[in-house]
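Read the structure below first, then the notes.
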Amino acid sequence: MTDFLGYLVAGTILVAAWFATSWYARAMYRVCQGCGTMNAKRRGDCRNCGKPFE
């Protein structure tokens, strides 16, 4: 029983960390439609290919 609870706690921590990281990436970055590079939201154009964001 203790092993199961340990695995449950570890799984919960991993899933919560995945959700937090995913939320942060969506909130702070945007993906260029031309090349797929992640850019900070404050940028007006892609740092890799130079394509402007709409």
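Positive end of the dipole of the chain, charges at C-beta (+1 Lys, Arg; -1 Asp, Glu), about the Cα centre: which of A16, M28, N48 has its Cα farthest in that direction? Selected residue: N48. Residue-wise, which Karplus ³J(HN,Hα) couplings in Hz belong to region 31-38, taking 6.51 cos²θ - 1.76 cosθ + 1.60, θ = phi - 60°, and x for glycine or proline? Working through the residues one at a time gives 9, 5, 6, x, 10, x, 6, 7 Hz. Charge dipole of the chain (Cα centre as origin; +1 on each Lys and Arg Cβ, -1 on each Asp and Glu Cβ, all else neutral): 400 debye, rounded to the nearest 20. Note that region 1-50 carries a Kirkwood radius of 13.2 Å, evaluated over its alpha carbons pair by pair. Helix 2-28 and the longest principal axis of the Cα set of the chain meet at an angle near 10°. Placing a pseudo-label 7 Å from each Cα along the Cα-to-Cβ vector at E54 and K41 gives an inter-label distance of 1.9 nm.
Read-outs throughout are calculated quantities, based only on the coordinates presented, and are distinct from any laboratory measurement. Note that the structure is predicted; figures quoted are calculated from it, not measured. Using ideal geometry, Cβ is built from the backbone for each residue, glycine included, and neighbour counts are taken over all protein chains shown.
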